[in-house]
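Novice: To start, I am sharing the structure in question, which I have written as structure tokens.
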Amino acid sequence: MIDVLETLAAAQPNGQTVSELSRDTDISRPSLYRTLTALERRGWAVRQDQSWMVGPSLAGLSEPAPRSANLIERTRPALVRLWEEYGETVNLGIPSRDEVLYLDILESVRGLRTGSQVGSRDPMHATALGKIFLAARPSSEVRRLLGNAELPRLTPRTIVTLAPLMRELAEVSERGWAIDDEESELGVRCVAAPVRDRDGRTVAAISLSAPTVRFDEDSLPEVAAAVRSEAAALVL
């Protein structure tokens with residue numbers, strides 16, 4: 001997605017056709033159509049006749065886009081190692097207001113796949129990635145961000161009130177990893193760990209998600225340790 005945005009930005013003001021984008025990004029036309037449709041929904045790209053160009057929502061992304069591309073490049077080897085070791089879906093996410101924005105995903109090649117799409121967003125309170133970002137913030141900021149109202153319930157296991165969520169965030173801070181235990185999707189378990197910059201700030205997180213039939217509680221400590229180790233080795 002970042003490659004597409006940067007290519008469109010470089011082609012201003014005339015934009016590019018799908019054929020030109022495919023040539024310049026080395027992305028297949030079917031994949032490009034899916035990406036462009038997602039970008040169009042968010043106002044990041046617009047179509048005029050046969051050409052695509054950056055949309056009105058991209059104005060504030062002129063600097064973050066290259067940083068995001070660099071983040072993907074720096075973290076991809078860690079994601080590949082986890083993907084090769086476990087054969088499950090691995091994700092790279094960043095905080096975006098009160099949501100998680102997925103920047104990179106390596107999908108499992110096994111049956112019963114899990115995972116979101118690059119460019120999609122999930123609520124923080126129900127995801128392992130999101131809990132990492134919330135745990136990195138002061139309690140007062142978390143309370144201000146989430147408010148006192150009941151949080152959206154995505155499954156019967158979603159934590160929807162602030163007090164138990166705050167207790168879990170304290171545990172996340174202490175152990176260095178977070179879990180989504182069927183809280184965003186039934187039958188799916190996910191663990192995540194923070195990626196920090198040189199000042200110790202959490203700027204991203206990586207996660208591994210899999211169906212609970214393959215990712216049971218007995219394997220949780222091993223997988224969590226592997227994800228945490230890969231994330232800790234990344235200093236951005």
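Novice: May I ask you to verify whether ILE27 is at pLDDT 80 or above and surrounded by 15 or more Cβ atoms within 10 Å (Cβ to Cβ)?
Specialist: Yes, satisfied.
Novice: Given (1) acidic (Asp, Glu); (2) within 27 Å of TYR86 (Cα to Cα); (3) outside any helix (DSSP H, G or I), identify the lone condition not met by GLU171.
Specialist: With (1) acidic (Asp, Glu); (2) within 27 Å of TYR86 (Cα to Cα); (3) outside any helix (DSSP H, G or I) applied to GLU171, the lone miss is (3).
A quick yes/no check of all residues on (1) closer than 13 Å to SER209 by Cα; (2) open to solvent by 70 Å² or more (accessible area, probe 1.4 Å); (3) part of a helix (DSSP H, G or I); (4) of a type in the set (Phe, Trp, Tyr):
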position: ARG76; (1), (2), (3), (4): no, yes, yes, no
position: ASN91; (1), (2), (3), (4): yes, no, no, no
position: PRO95; (1), (2), (3), (4): no, no, no, no
position: GLY130; (1), (2), (3), (4): no, no, yes, no
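Novice: Kindly provide the set of residues from the range 209-236 that are open to solvent by 20 Å² or more (accessible area, probe 1.4 Å) and either in a loop (DSSP other than H, G, I, E, B) or within 17 Å of ASP104 (Cα to Cα) (or both), ordered by number.
Specialist: THR212, VAL213, ARG214, ASP216, GLU230, ALA233, LEU234, LEU236
Novice: For SER51, state whether it is in contact with an Asp or Glu (Cβ under 9 Å, 6 or more places away or on another chain), surrounded by fewer than 17 Cβ atoms within 10 Å (Cβ to Cβ), modelled with pLDDT of 80 or more and small (Gly, Ala, Ser).
Specialist: On the way: in contact with an Asp or Glu (Cβ under 9 Å, 6 or more places away or on another chain): yes; surrounded by fewer than 17 Cβ atoms within 10 Å (Cβ to Cβ): yes; modelled with pLDDT of 80 or more: yes; small (Gly, Ala, Ser): yes.
Yes; evaluated as a whole, the condition is true for this residue.
Novice: Looking at ALA204, is it among the aliphatic types (A, V, I, L, M) and modelled with pLDDT of 95 or more? Show your work before the answer.
Specialist: Values: among the aliphatic types (A, V, I, L, M): yes; modelled with pLDDT of 95 or more: no.
Against the criterion (among the aliphatic types (A, V, I, L, M) and modelled with pLDDT of 95 or more), ALA204 does not qualify.
Novice: Another question, then. Please work out which residue is nearest to MET1 (Cα to Cα), limiting yourself to the range 24-48 and to residues that are among the β-branched types (Val, Ile, Thr) and assigned to a helix (DSSP H, G or I).
Specialist: Among those that are among the β-branched types (Val, Ile, Thr) and assigned to a helix (DSSP H, G or I), it is THR35.
Novice: Being among the polar types (S, T, N, Q) and open to solvent by 20 Å² or more (accessible area, probe 1.4 Å) is the filter; apply it to the range 137-178 and report the residue that is nearest to ARG201 (Cα to Cα). Let's see the steps before the verdict.
Specialist: Narrowing the range 137-178 to residues among the polar types (S, T, N, Q): 139-140, 148, 155, 158, 161, 173.
Within this subset, residues satisfying the condition of being open to solvent by 20 Å² or more (accessible area, probe 1.4 Å) are 139-140, 148, 161, 173.
Values: SER139: 16, SER140: 17, ASN148: 26, THR161: 26, SER173: 13 Å.
Among those that are among the polar types (S, T, N, Q) and open to solvent by 20 Å² or more (accessible area, probe 1.4 Å), it is SER173.
Novice: From the residues in the range 198-208 that are of a type outside the set (Asp, Glu) and open to solvent by 10 Å² or more (accessible area, probe 1.4 Å), which one is nearest to the chain's Cα centre (by Cα)?
Specialist: To start, the set of residues in the range 198-208 that are of a type outside the set (Asp, Glu) comprises 198, 200-208.
Add one more test, that the residue is open to solvent by 10 Å² or more (accessible area, probe 1.4 Å), and what stays is 198, 200-203.
Details: ARG198: 21, GLY200: 20, ARG201: 17, THR202: 14, VAL203: 12 Å.
Among residues in the range 198-208 that are of a type outside the set (Asp, Glu) and open to solvent by 10 Å² or more (accessible area, probe 1.4 Å), the one nearest to the chain's Cα centre (by Cα) is VAL203.
Novice: Select from the range 97-128 the residues that are among the charged types (D, E, K, R) and either touching a residue at least 24 places away in the same chain (Cβ under 8 Å) or assigned to a strand (DSSP E or B) (or both) and list them in ascending order. Steps first, answer last, please.
Specialist: First pass over the range 97-128, keeping only residues among the charged types (D, E, K, R): 97-99, 104, 107, 110, 113, 121-122.
Answer for the range 97-128, where residues must be among the charged types (D, E, K, R) and either touching a residue at least 24 places away in the same chain (Cβ under 8 Å) or assigned to a strand (DSSP E or B) (or both): ASP98, GLU99, ASP104, ARG110, ARG113, ARG121, ASP122.
The values are calculated or read from the model by the stated rules, or taken from the named source; none is laboratory data. Just so we're clear, the structure is a prediction, and the values are computed from it rather than from any experiment. Quick reminder, even Gly has a Cβ in these numbers, built from the backbone with ideal geometry, and neighbours come from all protein chains shown. Protein only, heavy atoms only, side chains kept; ligands, DNA and RNA dropped before computing areas. Shrake-Rupley method; radii C 1.70, N 1.55, O 1.52, S 1.80 Å.
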